[in-house]
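What follows is a short report on a single structure.
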Amino acid sequence: MIILEGSVGSYITIERTSYHYFAGNNYLGMANRPEVIAAACEALKKYGTNVAASRRTTGTTDIHLQLEKQLAQFKGQDDAIVFASGYLGNKLLMDQLKNEITVVITDSMTHSSILEGIPPTIQEIANYKHGNMKQLESLLNDFKQQNILIATDGIFALTGDIAPLDEIYALAQKHQALVLVDDAHATGILGKHGRGTPEHFGLHNAPGLFQSETMSKAFGSYGGFVAGSHQLISPIREKSAFYGASTALPPALAAAGIASLQFLEKHPDLHSKLLAKASQLKAAIAALGYTTNEITTPIVPLFFEHATEAQQLSDFLKANQIIAPVVNYPVKADQAILRLALSIDHSEEQLDYLLSTLKKWKEHHGRN
Ligand SMILES: Cc1ncc(COP(=O)(O)O)c(C=O)c1O
């Protein structure tokens with residue numbers, strides 16, 4: 001395990017040595033932007049570390065309300081609600097939908113926060129092989145008398161590929177099913193305005209399509225959120241235990257979220273620049289003979305048949321001051337994956353150094 005001794009940017013420090021950091025999910029570098037840090041510090045001084053109360057009792061500050069307003073604006077929605085963890089968002093949403101659904105169908109590589117969030121009242125849970133729409137359709141037929149929710153990640157955490165939400169949604173419409181997309185990795189990254197996977201597929205605001213999102217990745221802050229119609233958000237405020245019985249998101253993190261949104265509003269092309277960079281990096285890595293995928297997201301997986309090879313490469317990279325871990329959680333993939341995560345702040349020199357180091361390993365050891 002890596003023990004960080006400072007902030008996570010495109011470099012990190014371990015035991016006083018600087019490493020190129022190709023891990024984590026600080027895709028737009030927002031966790032280190034001076035504006036974001038300054039806003040968090042100011043709120044920290046004003047409100048302390050924590051309000052120590054739930055939103056419904058005495059834990060709502062003006063900053064929470066401002067953040068929710070800005071998130072709703074960013075998403076082009078009526079309203080938004082923030083809470084203390086992105087991981088909880090899927091549970092919170094499925095809790096709201098539980099009276100409308102009896103079956104949940106998931107992609108086999110769906111994140112654990114979806115699986116663990118499925119309400120106990122659900123009678124059947126089924127999954128289709130990763131991205132296999134034929135199998136999804138056949139499951140929809142199997143459960144045709146039921147009320148179905150299809151739940152999937154937008155960008156998959158390990159492989160960085162994008163769920164075929166256009167096809168999923170079309171199938172859902174045909175079978176009167178609802179769809180939940182966990183956009184933890186896609187918020188701020190996919191779609192013209194960075195509104196995530198639905199926007200990427202022209203499905204922004206589509207009826208029966210729900211999105212759970214987080215500020216902990218592209219936004220560089222922390223905390224989950226759901227944006228939607230008043231009809232969706234008001235009952236969450238009124239009834240959800242996460243709103244009523246869980247301590248509010250610390251105000252400093254809410255302030256960081258606001259500053260991050262403001263920064264992104266002034267720099268609307270940051271995510272498209274990142275995606276262009278990711279596409280070039282993937283092509284260059286594939287040209288070295290590595291197996292990756294061609295999907296343009298900031299997660300660059302290198303696939304290996306054997307976990308030992310992936311680990312050897314990760315160790316080799318670390319010996320050359322590059323951090324890129326092997327990831328095998330929270331879902332089990334068929335192949336071993338070394339995951340490179342790209343940030344807008346990685347310089348050309350860093351990318352050249354990464355590629356030359358990957359080339360060196362390939363020449364001496366690589367077989368993937
Ligand atoms: C797909 C996915 N969903 C949800 C989460 C949880 O979000 P958070 O870490 O903001 O709680 C993660 C976090 O890593 C994730 O990868």
When you look at Ala72, is it under 30 Å from Leu44 (Cα atoms) and at pLDDT below 95, yes or no?
no
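Which helices (runs of 4 or more DSSP H) does the stretch 78-193 wholly contain that include 3 or more residues that are within 16 Å of the ligand (Cβ to nearest atom) and crowded, with 23+ Cβ neighbours inside 10 Å? Break it down stepwise before answering.
On the way: elements: 89-97, 112-115, 133-142, 165-174.
In the stretch 78-193, the matching helices (runs of 4 or more DSSP H) lie at 89-97.
Have a look at Leu209, Leu180, Leu158 and point out the one that is modelled with pLDDT under 95 and in contact with a strand residue (DSSP E or B) (Cβ under 6 Å, 6 or more places away or on another chain). Explain how you work it out, then say what you get.
Values: Leu209 fails: modelled with pLDDT under 95; Leu180 fails: modelled with pLDDT under 95.
Step by step, each of Leu209, Leu180, Leu158 is checked, and only Leu158 is modelled with pLDDT under 95 and in contact with a strand residue (DSSP E or B) (Cβ under 6 Å, 6 or more places away or on another chain).
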Filtering the stretch 291-316 down to residues that are closer than 20 Å to Thr187 by Cα and buried (at least 23 other Cβ atoms within 10 Å of the Cβ) yields Thr297, Pro298, Ile299, Val300, Pro301
Would a scan of the stretch 13-21 turn up a residue that is touching a residue at least 24 places away in the same chain (Cβ under 8 Å), away from the ligand (no atom under 16 Å from the Cβ) and charged (D, E, K, R)?
no
Subset of the stretch 236-273 (residues that are surrounded by fewer than 22 Cβ atoms within 10 Å (Cβ to Cβ) and not in a helix (DSSP H, G or I)):
Ala245, Ser246, Thr247, His267, Pro268, Asp269
Within the stretch 274-305, residues of a type outside the set (A, V, I, L, M, F, W, C) and not in a loop (DSSP other than H, G, I, E, B) come out as Lys277, Ser279, Gln280, Lys282, Pro301
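The values are calculated or read from the model by the stated rules, or taken from the named source; none is laboratory data. Keep in mind the model is a prediction, meaning the values are calculated, not measured. Cβ sites come from the backbone with ideal geometry, for glycine too, and all protein chains shown count toward neighbours.
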